[in-house]
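Structure first, commentary second.
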Amino acid sequence: MSASQSAVRSRAEAVQVSRTFDWMILFTLFTAVLGGYHIHYMLTGGDWDFWTDWKDRRLWVTVAPIVSITFPAAVQACLWWRYRLPIGATICVVALMLGEWINRYLNFWGWTYFPVNFCFPSNLIPGAIVLDVILMLGGSMTLTAVVGGLAWGLLFYPGNWPIIAPLHVPVEYNGMMMTLADLQGYHYVRTGTPEYIRMVEKGTLRTFGKDVAPVSAFFSGFVSIIIYFLWHFFGKWFAKTDFIADDEL
Amino acid sequence: MKIIKDKVSKLSFVALLVTLTAAMFYTPTASAHGEKSQAAFMRMRTIHWYDLDWSKDEVAINETMTISGKFHVFSGWPETVDKPEVAFLNIGIPGPVFIRQGSWIGGQLVPRSVTLELGETYDFKVLLKARRPGDWHVHTMMNVEGGGPIIGPGKWVTITGSMSEFVNPIVTLTGETINLEDYALDNVYFWHALWYAIGLAWLVFWVKRPMFIPRSIAVVDGKADSLISPLDRKIGIAFALGTVVLVMASMGATNDAYPVTTPLQAGLMRGIKWIDIPAPTVTVKVEDATYRVPGRAMQMTLTITNNGDAAVQLGEFNTASVRFLDAEVYEDESGYPDDILAEEGLTVSDNSPLAPGETRTVEVTASDAAWEVYRLADLIYDPDSRFAGLLFFFDEEGNRQMVTVDSPLIPSFI
């Protein structure tokens with residue numbers, strides 16, 4: 001067969017090969033993102049995502065969206081500009097959460113016996129869907145960054161509140177008031193994680209009374225906008241084909 | 001020949017993979033906590049644990065036990081370790097094999113970090129409830145911000161029974177009794193499964209159609225706009241609006257279901273009460289101290305003055321939780337772990353009762369394999385080659401006085 005001959009003999013075979021290629025790429029993308037995004041999120045979000053007694057209304061709300069919008073922005077850049085596929089953010093988050101659940105269930109619970117209701121991951125899917133849809137409707141990186149990035153930050157806390165609210169019910173314990181999440185952190189001993197490492201409820205945001213979560217979410221959304229731009233450019237740069245010679249294309 | 005070589009290479013590679021895979025299934029239980037690896041000067045000159053009592057050696061699931069005793073915050077705290085201005089009374093166990101039902105310093109519950117004062121002694125208690133069966137090494141531990149975990153003595157405790165029987169009932173301030181072990185777990189699974197299904201639905205909507213090659217060709221040919229149809233847009237809007245509506249509705253429903261919630265509790269606890277110990281009437285001056293490497297023994301020349309009104313004898317030297325006793329003066333009956341108890345490890349050149357008003361210079365030798373086993377001999381490699389510890393003096397009636405010592409240490413290699 002010469003180089004100019006096709007590798008397939010019919011349109012049906014071409015379609016079949018194309019679909020096989022789709023699934024191979026999709027599987028590779030999914031698992032590569034699962035690994036890379038998971039490591040990134042564990043290193044940057046870490047304990048805020050691991051433990052319920054870190055999931056507070058100030059720092060978790062602020063940090064988690066900012067450090068998690070990274071891979072979705074980059075993968076969106078590749079899948080949208082190259083293929084017009086508005087699934088970059090959702091595929092990242094679905095992959096991440098599969099990896100997180102495997103980790104939390106097999107390692108945190110199966111290996112070290114921390115209860116799953118103490119170490120479940122944060123829910124990032126609402127923000128991811130909205131981010132993808134905004135990119136699809138607007139077709140603009142700027143619009144997606146500004147509107148989508150802000151939505152990413154704003155949807156995070158309410159998207160997780162139904163999951164964590166039961167653990168914020170107060171309890172009186174030996175003369176002190178705690179939430180059930182605090183009590184989980186106290187009861188289920190983490191030898192390598194002393195209480196003072198826990199970064200919750202710190203900061204100077206003291207003029208909004210008890211309603212600090214929305215303010216934190218807005219701040220997180222603003223920073224997410226900037227991070228979105230940065231990682232979207234990373235994604236575009238990585239999706240370039242400059243390194244392939246023209247005659248090979 | 002080449003075929004044989006290739007086959008050998010392939011088989012070798014397969015064997016390597018099989019070996020690596022098999023290695024993953026060998027996961028022996030980690031039963032210690034690195035207490036021997038911690039720098040010796042840190043164990044000797046920070047927190048001194050003593051009068052420790054593990055209330056039980058064996059407990060059944062759901063039963064409780066306590067670890068209680070005292071710790072002295074050494075006044076000669078090393079400069080290379082941050083002071084215990086933010087410290088946390090922890091427990092050294094391999095994961096939550098027990099739950100910590102309570103921990104107290106000076107009678108105060110300490111679920112949070114505390115500030116400790118140098119030179120003071122505190123009593124403490126930790127209440128543990130058995131959760132997972134097995135033999136576990138249970139250590140006292142003080143975490144110090146900027147200093148790391150300072151681990152105390154450990155003792156083996158056996159938990160019997162089945163973990164499936166473990167319960168952790170808690171009564172909330174809203175009057176509900178819950179089992180914290182699996183409380184709200186169904187809720188966690190439900191919301192994660194629901195959102196995951198919605199995310200998958202969005203992906204399936206797109207991946208069910210031809211993706212990479214034909215779409216890439218279309219984009220390169222300038223037909224990118226044709227790849228998003230009006231129906232795609234409508235369905236996208238439905239997903240986005242549905243997402244926002246579901247988030248808002250579920251948040252509202254949650255607030256109705258849980259009208260009383262509070263933020264996470266945090267903060268530093270100051271003003272922890274220490275034990276008001278009378279100043280000792282015995283004073284000790286360390287004239288010199290050497291560690292004889294071949295003999296695994298530390299020798300000190302001490303000048304001891306008894307300013308009290310009763311004769312005293314030196315009965316114990318305690319450093320880094322290793323206790324060296326003079327068996328003729330004091331015998332331990334607390335069940336202290338054998339591996340860190342040298343019952344006849346303390347020798348004093350003249351340990352006859354030191355009369356009131358008398359001053360005597362004596363040679364004291366603390367010798368035991370524990371110097372090597374617990375890597376205290378590594379002190380000679382530390383950046384600040386000093387030793388420290390507690391000396392306990394006893395009078396005839398069994399009254400005890402504690403005196404701290406802190407001095408440079410010179411190694412002897414011959």
Build a GNM of chain A with springs between Cα atoms under 10 Å: which of A:Arg11, A:Arg198, A:Arg104 gets the top mean-square fluctuation? A:Arg11
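Would you kindly calculate the mean projected area, averaged across all directions, of the convex hull enclosing the Cα atoms of the stretch B:185-257, in square nanometres?
On the way: hull surface 24.9 nm².
Approximately 6.2 nm², given one-decimal rounding.
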Using a cut-off of 29 Å between alpha-carbon atoms, which lysines can reach B:Lys10, once sequence neighbours fewer than 8 places away in the same chain are excluded? B:Lys2
Would you work out if the stretch A:68-160 is rounded, prolate or oblate? Take a ≥ b ≥ c from the square roots of the eigenvalues of the alpha-carbon gyration tensor; rounded if a/c is under 1.5, else prolate when a/b is larger than b/c, oblate otherwise. prolate
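Fewest first, what order do B:Thr305, A:Thr144, B:Thr46 take by the number of other Cβ atoms within 10 Å? Please list the in-between numbers first.
On the way: B:Thr305 15, A:Thr144 31, B:Thr46 27.
Fewest-to-most Cβ neighbours within 10 Å comes out as B:Thr305, B:Thr46, A:Thr144.
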Show me, for the stretch A:216-224, the HN-Hα J-couplings you get by feeding each phi into the Karplus relation (A = 6.51, B = -1.76, C = 1.60, θ = phi - 60°), rounded to Hz, glycine and proline as x. 4, 5, 4, 4, 4, x, 4, 5, 4
Given pairs A:Lys55/B:Lys56; B:Lys36/B:Lys83; B:Lys36/B:Lys70 and cut-off 25 Å on Cα-Cα distance, the over-length ones are A:Lys55/B:Lys56
Rounded if a/c is under 1.5, else prolate if a/b beats b/c, else oblate: with a ≥ b ≥ c from the C-alpha gyration tensor eigenvalues square-rooted, which is the stretch B:280-397? oblate
Using a Cα-Cα cut-off of under 19 Å, which aspartates and glutamates could be cross-linked to B:Lys129, ignoring same-chain neighbours fewer than 8 residues away? A:Glu172, A:Asp182, B:Asp53, B:Asp57, B:Glu58, B:Glu63, B:Glu165, B:Glu181, B:Asp182
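Rank the residues B:Lys223, B:Lys83 as a footprinting-exposure proxy: fewest other Cβ atoms within 10 Å of their Cβ go first.
Details: B:Lys223 12, B:Lys83 19.
So the residues, fewest neighbours to most, are B:Lys223, B:Lys83.
Over all directions, the average projected area of the alpha-carbon convex hull for the protein assembly as shown comes to how many nm²?
On the way: hull surface 161.7 nm².
Mean projected area of the Cα convex hull: 40.4 nm².
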Does the stretch A:39-113 come out rounded, prolate or oblate, given a ≥ b ≥ c as the square roots of the eigenvalues of its C-alpha gyration tensor, rounded meaning a/c under 1.5 and, failing that, prolate meaning a/b above b/c? oblate
List, in order, the whole-Hz ³J(HN,Hα) value for each residue of the stretch B:288-304 obtained from phi through the Karplus relation with A = 6.51, B = -1.76, C = 1.60 and θ = phi - 60°; use x for Gly and Pro. 7, 8, 9, 10, 8, 4, x, x, 6, 9, 9, 10, 10, 9, 10, 9, 10
Label point 7 Å out from B:Asp338 along Cα-to-Cβ: which residues of the stretch B:149-166 have amide N under 20 Å? B:153-159
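Laboratory data are not the source of any read-out in this text; all were calculated from the coordinates shown. No experiment lies behind these values; they were computed from the predicted model shown. Cβ coordinates were reconstructed from backbone atoms using ideal geometry, including for glycine residues, and neighbour counts include every protein chain displayed.
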